[in-house]
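Following: one structure in structure tokens, then a few remarks.
Taken together, the values in this text are just the output of simple stated rules run on the coordinates, not laboratory data. These figures come from a predicted structure and were not determined experimentally. Neighbour counts are summed over all protein chains in view; Cβ atoms, including those assigned to glycine, are modelled from backbone coordinates with ideal geometry.
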Amino acid sequence: MKAILLLGAPGAGKGTVAGTITRERGFEQFSTGDMLRESVRRGDPVGLLAQGYMERGELVPDDVIEGIVTARLDKGGPDARYLFDGFPRTLHQAEAFEPILAARGAKVDAVVQLDVPFDVIIKRMSGRRSCRQCGAVYNVHSLKPIVDGMCDRCSGPLYQRDDDQEATVRHRLSVYERQTSPLILFYEKKGLLRRIDAADRAGADRALLAVVDEVA
Ligand code: AMP
């Protein structure tokens, strides 16, 4: 198993660059945010528990996250190659992840930090619109759909995720600063961290592809 982790504030573009790597290099995107949104949509026990935290822009408790990560890894084979997007998000999760991987004969192969200034993030996130039907992501500033409010791919309605409202975005950024940014130092000390300037999306894609090619 291969494990590359993407770190970066919400809105730094983790999901977008992860999409490029999964398409071009056959990595599987492992997004705890997507898994949680799917649980909320289904209304399963994890979803019922997670929904309030997500709406408030808070982190879902570590034991819940560690449980869904373990369950999902158990479904994948030993040759799986994962790009983790949005996990780990706390020091507790990062520490718990090590024995979870070791038990599967794996380790963290590389950690990529996407650096983007906060003012760019706030503009990106409060302009983000998602398709209710297929999940495609647009931006009212930079990636407009052909028809206002309608998805180019499936004609579904576009909406703004509750947690993309500006006040919630600011709160998510402060949660990131407090709970997730310590992971930068954690992985730097282990010699695993690479930093990418992700204000420029095309440059971020290229830099990430180079890391993947070196590791995979
Ligand atoms: P994301 O799509 O990665 O921005 O995640 C959306 C929301 O899901 C976050 O604001 C958290 O509430 C929750 N979430 C996703 N991943 C994690 C995680 N690793 N730990 C705790 N909460 C998470």
Hey, what did the chain get for relative contact order, percent, Cα under 8 Å, at least 6 apart?
30
For the range 125-180, take the convex hull of the Cα atoms, compute a quarter of its surface area, and give me that in nm², please.
4.2
What is the antiparallel percent of DSSP beta bridges lying wholly in the chain, to the nearest 5?
30
Let's test the formula: R0 of 25 Å, r as the Cβ-Cβ distance of His92 and Phe118. What FRET efficiency results, to the nearest 0.05?
0.50
Any idea what % of Cα-Cα pairs in the range 1-42 are farther than 11 Å?
70
With N set to the number of residues, divide the alpha-carbon radius of gyration of the range 9-76 by 2.2 N^0.38 Å and report two decimals.
1.19
On full extension of the chain, what length is gained from Arg56 through Ala136, given 0.36 nm per residue of separation minus the C-alpha to C-alpha distance?
26.5 nm
For the cross-link pairs Lys14/Lys190; Lys14/Lys107; Lys75/Lys144, which exceed 31 Å when the distance is taken from alpha carbon to alpha carbon?
Lys75/Lys144
Let me see the P(r) profile for the range 95-216: every Cα-Cα distance counted, bins of 10 Å, each bin given as a percent of all pairs.
11, 29, 33, 22, 4
Convex hull of Cα atoms in the range 95-153, direction-averaged projection (nm²):
6.9
Note the full-extension length gain between Ile184 and Ala199 as 0.36 nm times their separation in residues minus their Cα-Cα distance, in nm to one decimal.
3.6 nm
Net charge dipole size for the range 1-114 [Lys, Arg +1 and Asp, Glu -1 on Cβ; Debye, nearest 20]
340
Per 10 angstrom bin, beginning at 0 and ending with the bin that holds the maximum distance, the Cα pairs of the chain fall in percents of 8, 33, 40, 18, 2
